[in-house]
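A.B. asks: I'd like to ask some things about the structure below.
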């Protein structure tokens, strides 16, 4: 039997590469992701800004063939898109963030009084022992909460180390964000050129059939993410406004705080609304338990309105993903990557669902025709 040393060398090289990947993947991947963070974040920023930029481009003399108009369309629309994003961020920071901070402060202030009310309610339940109730009453809840808040805010360690690490982290974050915005600007200014270049490379090294499939898959993923982002943000604003207006009509406390909280948590699919509703009900409970019950009923009605009317019109029709798969995507994404995973896995699953559904339908149609 003739030994093919060339084939053996290829096999040994593949085994060696697999060995390196298995043993050194974690440190190498972390280093690569850290080094490429500005580029990755730049692509994300460019993708988000491009959604608004496309809106301006479609309305900025779309049928004009003048050289001046074509020359300034991309930079002008990009500038307007960045200004729009900056205005949205300023609005959120100016209106929503103070309300969320006030919400947290109210929870911290009201928590000791709420624990007293809860303990009194528990004491009326027969099967709970008096020893357990008395042990709860002996705890100084105000002191406990203050110590927990103190640890969370001040941290553990030397003051100098904390200050140095904080300054270093802030400086690193500022540099990363600055570089990311620069990358995003370059990407947006040359997006058509980059698209053509990638298309030429793919056509050169891929078979025509695989190239068409690749273009189709990228288009499906792009449409799914774009529609999901627009729909989810629109739905969160509508839900927050409806919650605030409804609470003002019902004369409930903390209307603007809870409305901002509901809008903020509504960005998280499925679980977000329940988180906001639970915190809001607890806040109102510290003031008036009856109004907390009314608030829960109001939120349930609002959730039905949102689930049957707002979500299908704003998000559901654009995503086209069954509820069971939305729940599965949120569960898996949240378990793997936290809140970011919840946000990403829903449109990702919707895109995969659409590709598989259309592929299966085409196969069945071809089989029936044959």
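Since every read-out is calculated from the coordinates, none of them should be taken as a lab result. Note that the structure is a prediction, hence the values are computed from the model and not measured. Here Cβ is always computed from backbone atoms with ideal geometry, including for glycine, and neighbour counts include all displayed protein chains.
A.B. asks: Would you calculate the separation in nanometres between label points at residue 304 and residue 63, each defined as 7 Å from the Cα along the Cα-to-beta-carbon direction?
C.D. replies: 4.9 nm
A.B. asks: Multiply the residue separation of residue 196 and residue 47 by 0.36 nm, subtract the distance between their alpha-carbon atoms, and state the gained length in nm to one decimal. Present the calculation step by step, with values, prior to reporting the outcome.
C.D. replies: Values: separation 149, 0.36 × 149 = 53.64 nm, distance 1.70 nm.
Gain in length upon complete extension: 51.9 nm.
A.B. asks: Mind giving me the nanometre distance, one decimal, between the label points for residue 229 and residue 364, set 7 Å out from Cα along Cα→Cβ?
C.D. replies: Between residue 229 and residue 364, the simple spin-label model gives 3.4 nm.
A.B. asks: Would you mind getting me the FRET efficiency between residue 293 and residue 173? Use the beta-carbon distance for r and R0 = 51 Å, nearest 0.05.
C.D. replies: 0.70
A.B. asks: Ok, one more. Tell me, 49, 332 in order of fewest to most beta-carbon neighbours within 10 Å?
C.D. replies: 332, 49
A.B. asks: Right, here's the next one. Quick one: length gained pulling residue 12 to residue 93 fully straight, 0.36 nm per residue minus the C-alpha distance?
C.D. replies: On the way: separation 81, 0.36 × 81 = 29.16 nm, distance 5.66 nm.
Residue separation times 0.36 nm, minus the Cα-Cα distance, leaves 23.5 nm.
A.B. asks: Let me know the Rg and Dmax you get for region 208-360 when you use only its Cα atoms, in Å.
C.D. replies: Looking at region 208-360, its Cα Rg and Dmax stand at 17.9, 67 Å.
A.B. asks: In what sequence do 233, 77, 243 fall when counting other Cβ within 10 Å, fewest first?
C.D. replies: Lowest count first: 233, 77, 243.
A.B. asks: Using a 10 Å cut-off around each Cβ, can you sort 358, 57, 306 from fewest to most neighbouring Cβ atoms?
C.D. replies: 358, 57, 306
A.B. asks: Continuing with this model, one more query. Between residue 355 and residue 85, what FRET efficiency comes out of the Förster formula 1/(1 + (r/R0)^6) with R0 = 41 Å and r the beta carbon distance, rounded to 0.05?
C.D. replies: That pair, residue 85 with residue 355, gives E of 0.85.
A.B. asks: Suppose R0 equals 51 Å. What FRET efficiency, 1/(1 + (r/R0)^6) with r the Cβ-Cβ distance, do residue 102 and residue 73 give to the nearest 0.05?
C.D. replies: The formula returns an efficiency of 0.75 here.
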